[in-house]
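A short write-up of the structure that comes next.
The values are calculated or read from the model by the stated rules, or taken from the named source; none is laboratory data. Nothing here was measured: the structure is a model prediction, and the numbers come from that model. Glycine gets a Cβ as well: all are built from the backbone with ideal geometry, and neighbour counts include every protein chain shown.
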Amino acid sequence: MNPLVERVRSRLADSGGETGPAAVAAAVRAESGGVASDLDVLAALRTLRQEFAGAGPLDALLRDPATTDVLVTAPDAVWVDRGAGPQRCDVAFPDEAAVRRLAQRLALAAGRRLDDASPCVDGWLADAGVRLHAVLPPVSAAGTAISLRVLRPAHHDLAALRRSGTLDATGEALLRAVVAARLAVLVSGGTGSGKTTLLNALLGAADPGERLITVEDAEELRPRHPHVVRLVARPPNIEGAGGVPLRELVRQALRMRPDRLVVGEVRGAEVCDLLAAMNTGHDGGACTVHANSVREIPARMRALAGLGGMSPSALDGQLAAAVQVVLQMGRRPGAGRVLEAIGVLCRDGDGSPRVEPAWTRDAGAGPGREHLLDLLRERGVGAPC
């Protein structure tokens with residue numbers, strides 16, 4: 001390790017003050033004392049600016065418009081996902097201590113704590129548009145692990161998604177009809193499958209005279225629509241105070257005269273309030289949820305509703321009455337993110353909900369197609385060609 005870098009790091013740590021570019025440069029000048037060569041000073045400044053500004057050596061990866069995730073599993077093992085899955089890159093840290101320092105600094109920037117007493121952190125770097133997760137050893141056995149998810153607001157409309165191959169002509173026509181009929185939609189899929197991108201495009205196709213209110217954990221939805229109110233949850237500060245959870249925001253949104261209430265992603269008790277809203281005249285609502293297939297959605301929703309104290313039987317009744325259409329997104333090798341299926345929520349003989357495929361990317365029209373067309377006709381929307 002460069003001795004000048006160590007001295008400057010100690011000076012900045014002892015001062016406990018500003019660590020911006022100007023402060024780092026001043027500390028380098030003070031510690032060099034005119035003895036170090038210009039090359040040493042420049043090398044030290046470059047190293048320290050990486051350590052104290054932004055995401056350090058990961059900055060270039062995060063600035064790449066194609067990057068969705070940056071993952072650090074060891075000082076010499078940095079992975080980047082640019083849409084084709086994680087790939088190892090040539091970025092490296094000097095040692096484990098450097099990875100730990102970066103994780104702790106990013107946690108501090110997110111207003112969270114990361115140390116031996118609190119070895120895991122999940123935070124939001126608002127200035128960078130990045131979701132942070134980090135784990136320290138010994139919880140992370142091989143060393144500090146950092147996961148950075150780049151959240152870039154999607155601006156695609158349905159036509160753009162068709163051109164990119166996410167939708168085909170039939171899928172686009174069906175989705176436009178679903179939006180026009182103001183059917184409640186649930187978009188499901190795995191991480192990085194394009195759920196938010198599709199939801200964003202659906203909202204952009206809504207009637208310009210409608211008032212859309214979106215509720216999100218991290219701001220991603222920016223539909224091309226003239227009347228959108230965006231509410232974003234706030235995590236608690238280091239002292240554990242000041243947090244505003246999604247469930248509270250859903251309740252507040254109901255008092256703001258929404259024509260469409262949208263939750264970016266349901267992952268907990270807020271699903272109870274959302275379904276209650278959809279069952280009290282707020283049609284045309286939408287949300288996303290993690291699920292591997294449309295058939296798994298009822299079970300997944302039961303699990304989430306249980307976090308809010310709702311019984312499985314109560315959830316079944318609410319879900320079947322509130323949501324009409326389910327859209328399943330997925331990732332395919334060589335094709336990227338695609339709309340895999342459109343399903344219709346139906347009731348079994350015992351009243352429990354199930355999803356009946358109306359259309360699939362591989363097989364086309366499914367057994368639920370006539371049910372979907374009936375829903376469209378009931379709301380004055382003709383069958384798409």
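Checking CYS346 against (1) touching a strand residue (DSSP E or B) at 6+ places or on another chain (Cβ under 9 Å); (2) within 19 Å of ALA201 (Cβ to Cβ); (3) of a type outside the set (A, V, I, L, M), only one condition comes out false. Which one?
If we test CYS346 against (1) touching a strand residue (DSSP E or B) at 6+ places or on another chain (Cβ under 9 Å); (2) within 19 Å of ALA201 (Cβ to Cβ); (3) of a type outside the set (A, V, I, L, M), just (2) comes out false.
Across the stretch 215-228, which residue is nearest to ARG247 (Cα to Cα) among those that are touching a residue at least 24 places away in the same chain (Cβ under 8 Å) and in contact with a Pro (Cβ under 8 Å, 6 or more places away or on another chain)?
Top of the filtered list is GLU219.
Please go through the stretch 310-342 and give me each residue that is out of contact with any Lys or Arg (no Cβ under 6 Å at 6 or more places or on another chain), at pLDDT 85 or above and within 30 Å of ASP81 (Cα to Cα), ordered by number.
Passing the criteria: VAL326, LEU327, GLN328, GLY330, LEU339, ALA341, ILE342.
Scan the stretch 279-299 and tell me whether some residue there is polar (S, T, N, Q), in the same structural domain as ARG247 (by TED's automatic domain parsing) and touching a Leu at 6+ places or on another chain (Cβ under 9 Å).
Initial filter on the stretch 279-299 (polar (S, T, N, Q)): 279-280, 288, 292-293.
Now narrow it down to the ones that are in the same structural domain as ARG247 (by TED's automatic domain parsing): 279-280, 288, 292-293.
With touching a Leu at 6+ places or on another chain (Cβ under 9 Å) added as a condition, the list becomes 280, 288.
Checking the stretch 279-299: at least one residue is polar (S, T, N, Q), in the same structural domain as ARG247 (by TED's automatic domain parsing) and touching a Leu at 6+ places or on another chain (Cβ under 9 Å).
Identify all residues within the stretch 62-105 that are within 30 Å of GLY336 (Cβ to Cβ) and assigned to a helix (DSSP H, G or I); write none if there are none.
If the condition is that a residue be within 30 Å of GLY336 (Cβ to Cβ) and assigned to a helix (DSSP H, G or I), then LEU62, ARG63 are the ones that fit.
Is there a residue being out of contact with any helix residue (DSSP H, G or I) (no Cβ under 9 Å at 6 or more places or on another chain), surrounded by 20 or more Cβ atoms within 10 Å (Cβ to Cβ), not aliphatic (A, V, I, L, M) and not assigned by TED's automatic domain parsing to the domain that holds ARG101 anywhere in the stretch 197-204? First the steps, then the outcome.
The first filter runs over the stretch 197-204 and keeps only residues out of contact with any helix residue (DSSP H, G or I) (no Cβ under 9 Å at 6 or more places or on another chain), leaving 199-200.
Still in the list and also surrounded by 20 or more Cβ atoms within 10 Å (Cβ to Cβ): 199-200.
From what is left, the residues that are not aliphatic (A, V, I, L, M) are 200.
Add one more test, that the residue is not assigned by TED's automatic domain parsing to the domain that holds ARG101, and what stays is 200.
Yes.
Considering only the stretch 261-309, state which residues are at pLDDT below 85, more than 18 Å from the chain's Cα centre (by Cα) and of a type in the set (A, V, I, L, M, F, W, C).
CYS272, LEU274, LEU275, ALA276, ALA277, MET278, VAL294, LEU307 - these are the residues of the stretch 261-309 that are at pLDDT below 85, more than 18 Å from the chain's Cα centre (by Cα) and of a type in the set (A, V, I, L, M, F, W, C).
Quick check: is even one residue across the stretch 241-260 more than 29 Å from THR67 (Cβ to Cβ), buried (at least 22 other Cβ atoms within 10 Å of the Cβ) and of a type in the set (Lys, Arg)?
Yes, the stretch 241-260 contains a residue that is more than 29 Å from THR67 (Cβ to Cβ), buried (at least 22 other Cβ atoms within 10 Å of the Cβ) and of a type in the set (Lys, Arg).
So in the stretch 346-385, with the set limited to residues that are of a type in the set (A, V, I, L, M, F, W, C) and modelled with pLDDT under 90, which one is farthest from ALA181 (Cα to Cα)? Lay out the reasoning, then the answer.
Taking the stretch 346-385 and keeping what is of a type in the set (A, V, I, L, M, F, W, C), we get 346, 355, 358-359, 363, 365, 372-373, 375-376, 381, 383, 385.
Retained after the next criterion (residues that are modelled with pLDDT under 90): 346, 355, 363, 365, 381, 383, 385.
On the way: CYS346: 18, VAL355: 19, ALA363: 25, ALA365: 19, VAL381: 6, ALA383: 11, CYS385: 16 Å.
The extreme case among them is ALA363.
Name the residue that is surrounded by the most Cβ atoms within 10 Å (Cβ to Cβ), counting only residues in the stretch 153-179 that are closer than 20 Å to LEU212 by Cα and touching a Gly at 6+ places or on another chain (Cβ under 9 Å). Walk me through it before giving the result.
Kept after step one, since they are closer than 20 Å to LEU212 by Cα, are these residues of the stretch 153-179: 153-158, 175-179.
Within this subset, residues satisfying the condition of being touching a Gly at 6+ places or on another chain (Cβ under 9 Å) are 153-158, 177, 179.
Values: PRO153: 14, ALA154: 20, HIS155: 13, HIS156: 19, ASP157: 17, LEU158: 20, ALA177: 19, VAL179: 23.
Selected residue: VAL179.
Among the residues of the stretch 192-225, write down those that are at pLDDT below 90, in a loop (DSSP other than H, G, I, E, B) and among the aliphatic types (A, V, I, L, M).
The one that is at pLDDT below 90, in a loop (DSSP other than H, G, I, E, B) and among the aliphatic types (A, V, I, L, M): ALA218.
Would you check if ARG347 is surrounded by fewer than 18 Cβ atoms within 10 Å (Cβ to Cβ), in contact with a helix residue (DSSP H, G or I) (Cβ under 7 Å, 6 or more places away or on another chain) and assigned by TED's automatic domain parsing to the domain that holds ALA177?
Values: surrounded by fewer than 18 Cβ atoms within 10 Å (Cβ to Cβ): yes; in contact with a helix residue (DSSP H, G or I) (Cβ under 7 Å, 6 or more places away or on another chain): yes; assigned by TED's automatic domain parsing to the domain that holds ALA177: yes.
Spelling it out, ARG347 is indeed surrounded by fewer than 18 Cβ atoms within 10 Å (Cβ to Cβ), in contact with a helix residue (DSSP H, G or I) (Cβ under 7 Å, 6 or more places away or on another chain) and assigned by TED's automatic domain parsing to the domain that holds ALA177.
Check off (1) assigned by TED's automatic domain parsing to the domain that holds VAL326; (2) surrounded by 14 or more Cβ atoms within 10 Å (Cβ to Cβ); (3) touching a residue at least 24 places away in the same chain (Cβ under 8 Å) for THR191 and give me the number that stays unchecked.
THR191 satisfies every listed condition except (2).
Taking the residues in the stretch 106-121 that are assigned to a strand (DSSP E or B) and touching a strand residue (DSSP E or B) at 6+ places or on another chain (Cβ under 6 Å) as candidates, determine which candidate is modelled with the highest pLDDT. Walk me through it before giving the result.
At the first step, the residues of the stretch 106-121 found to be assigned to a strand (DSSP E or B) are 115, 118, 120-121.
Right, trim to touching a strand residue (DSSP E or B) at 6+ places or on another chain (Cβ under 6 Å) and you get 120-121.
Values: CYS120: 92, VAL121: 89.
Among residues in the stretch 106-121 that are assigned to a strand (DSSP E or B) and touching a strand residue (DSSP E or B) at 6+ places or on another chain (Cβ under 6 Å), the one modelled with the highest pLDDT is CYS120.
Test ALA335 against the criterion of being closer than 19 Å to THR196 by Cβ, within 25 Å of the chain's Cα centre (by Cα) and among the small types (Gly, Ala, Ser), and give yes or no.
Details: closer than 19 Å to THR196 by Cβ: yes; within 25 Å of the chain's Cα centre (by Cα): yes; among the small types (Gly, Ala, Ser): yes.
So ALA335 passes the test.
Could you say which residue among ARG176, ARG162, ARG182, ARG131 is among the basic types (Lys, Arg) and not assigned by TED's automatic domain parsing to the domain that holds ALA363?
Only one candidate qualifies: ARG131.
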